[in-house]
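Here's the structure we're looking at; comments come further down.
Quick note: the coordinates plus some simple rules give every number you see, no bench work behind them. Predicted model, so just to flag it, every value in this text is computed and none were measured. In this analysis, Cβ positions are derived from the backbone assuming ideal geometry, glycine residues included, and neighbour counts consider all displayed protein chains.
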Amino acid sequence: MKNTLFTLLCLFSLTAPALAQTQPAAKEHRVVFHLATDDTLVYQMVIRQVNNILNVWPTAKIEVLANSLGISMFRREGSKLEKPVQALTEKGVIFAVCQNSMRAMKLTKDDMLKQATYVPVGVAELVMKQEDGWSYIKAGF
Amino acid sequence: MKNTLFTLLCLFSLTAPALAQTQPAAKEHRVVFHLATDDTLVYQMVIRQVNNILNVWPTAKIEVLANSLGISMFRREGSKLEKPVQALTEKGVIFAVCQNSMRAMKLTKDDMLKQATYVPVGVAELVMKQEDGWSYIKAGF
Amino acid sequence: MKNTLFTLLCLFSLTAPALAQTQPAAKEHRVVFHLATDDTLVYQMVIRQVNNILNVWPTAKIEVLANSLGISMFRREGSKLEKPVQALTEKGVIFAVCQNSMRAMKLTKDDMLKQATYVPVGVAELVMKQEDGWSYIKAGF
């Protein structure tokens, strides 16, 4: 009898980690913006929307993932966005650039804003973020 | 022995709510459309797609969230969409407008269709809906 | 006493399937691309991005869901994409076309590439994929 109970308790304890996963943690908002356009109006929109989110959720985790034509947002030359990008970086926002797209557009890290971070495959990053529970927002009109 | 069993049963009962969360409820489809363009062809497309969903899933919960240029869909003046918007509202579809975007475009509720509802920050609404398990569809081409 | 234990064990066994759902399986990446444009540059981009994903995750499940103007990607006449579409089909990629959109554009299966598969309502497919845990990526700029 004791053994049965012991077995039961052991089995039961195995369930604890799984159950923990089903209990919601204190809510942390996480958002990845997908930016794939060279439309500079969209760039201003993204900056504004990221700020709007941080205004309501100051601790939100936000990543702006640029691939395809979107990586133009982070070109250093003639950039009008370095200041707001720097300000958002200081608030913890990540600006990630697809290195596949950089190769396709013959750009190197020297061509990009110093605030940029890099991922090998932009679309894979978007997938991993969603798999990890981040919300997805496609930037642009 | 009785005490041990009682403890076990108590522990067990604690797991019930957590387990309930892991068991799929009768499937309820929930979709948020993200509308950010002033392209009137897209507006017609969204109306059609919402209807297409309701044709296959009459009880689906659908919200069309307009931010940025997309809020033009719900301008009252010269609206060609009030009739289909009204018809969908009667089927429970929510048309939500970003108030941040309204301020940026100097629009007030008086400028908007009476069927519109309002959210303070459109992108935050999109995040909350996804966190709550809604599917996300970006409208537009 | 024995009865109580037996009841307990039965109750316990009921929890097993639910718990199984909470334990992460070996990670399988699943992505649905939403294609709604007739921009042929986007078509090339989608082909490239699907290949990029398969390069890093050879066993990823990928579906390209075309609705609205996006179904043009799979028109047979004068297609420049049959070769890459065929190559990706051989790697397990699904190219799905919305039949509602086909009707709207007066296209039949005879007009489409033989690699295409069909779904009755494209947006419903996008919803079901997300409900099933697939990541969503909106193609286009």
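The amide H of C:V64, built 1.01 Å from its N in the peptide plane, has C:F33, C:I94, C:F95, C:A96 as neighbours under 5 Å, considering only residues 5 or more places off or on other chains.
Computed from the C-beta positions of C:T108 and A:E28 and an R0 of 35 Å, the FRET efficiency is 0.10 to the nearest 0.05.
Quick check: the distance between the Cα centres of region A:88-112 and region C:80-141, to the nearest angstrom? So the two Cα centres are separated by 31 Å. Here is the list for region C:21-124: trypsin sites (Lys or Arg not before Pro) lying in DSSP coil, each with at most 12 other C-beta atoms within 10 angstrom of its C-beta, are C:K27, C:K80, C:K106, C:K114.
Label-point distances for B:R48 to the equivalent site in the other copies, using a point 7 angstrom along Cα→C-beta, read 3.0, 3.0 nm when ranked shortest first. Using label points projected 7 Å from each Cα along Cα→Cβ, tell me how many nm separate B:R76 and C:T117, to one decimal. Result for the modelled spin labels: 4.9 nm.
Nearest chain A C-beta to the A/C rotation axis, reported as residue and distance in angstrom, is A:K138, 2. The lysines whose alpha-carbon is closer than 30 Å to the alpha-carbon of B:K80, local same-chain residues fewer than 8 away aside, are A:K138, B:K61, B:K91, B:K106, B:K109, B:K114, B:K129, B:K138, C:K106, C:K138. With the cut-off at 1.5 for a/c, could you classify region C:31-138 from its C-alpha gyration tensor as rounded, prolate or oblate? Verdict is oblate for region C:31-138.
Structural descriptor for region B:18-141: relative contact order 34 percent, calculated from alpha carbon pairs under 8 angstrom and at least 6 residues apart.
Distances between copies of C:S79, taken at a point 7 Å out from Cα along the Cα→Cβ vector and listed shortest first: 4.2, 4.2 nm. A point 7 Å from Cα along Cα→Cβ stands in for A:E90, and the other copies hold the same point at 5.5, 5.5 nm, listed in rising order.
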